[in-house]
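Structure, as structure tokens:
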Amino acid sequence: MLRFVEHRITQHPDTDATFEAECLACPCGWSAQPSTDGAAVDVECMSHTGRTGHASFRRMCTSFALVVRTE
């Protein structure tokens, strides 16, 4: 007989999310310095747009998860 076990998932308490961005204008190759401050990465993107006119970016957020039983 299968036993249903409930779990929950949260951000790992010993880590921070990391934010990154890269310009999609080809062949620009620019990328923001990875940071735990998402707003700082956004500011870097806006500064890049101001310098180059490039307006499209790929933004990434990496985090580590921890799954634990709830019972």
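The values are calculated or read from the model by the stated rules, or taken from the named source; none is laboratory data. Quantities reported herein were computed from a predicted structural model and do not represent experimental measurements. In this analysis, Cβ positions are derived from the backbone assuming ideal geometry, glycine residues included, and neighbour counts consider all displayed protein chains. We work out accessible area using only protein heavy atoms, side chains counted, and drop any ligands, DNA or RNA first. Shrake-Rupley method; radii C 1.70, N 1.55, O 1.52, S 1.80 Å.
Some observations on this one:
- Highest to lowest packing among 40-51, 25-36, scored as the average C-beta count within 10 Å: 40-51, 25-36
- Taking label positions 7 Å along the Cα-Cβ direction at both L66 and H7, the computed distance is 1.5 nm, reported to one decimal.
- Relative contact order [Cα under 8 Å, 6+ residues apart], the chain, whole percent: 48
- In the set [x] 13.2, 44; [y] 18.3, 64; [z] 10.9, 29, the label that goes with Rg and Dmax of the Cα atoms in Å computed for this structure is [y].
- With protein chains left intact and a 1.4 Å probe, residues in the stretch 1-53 average 75 Å² of accessible area per residue.
- For the chain, carbon and sulfur atoms together expose 54% of the accessible surface, with a 1.4 angstrom probe and every protein chain in place.
- Angle of helix 38-52 to the longest C-alpha principal axis of the chain, folded into 0 to 90 degrees and rounded to 10: 20°.
- Estimated dipole of the chain in Debye, rounded to 20 [Cβ of Lys and Arg +1, of Asp and Glu -1, Cα centre]: 240
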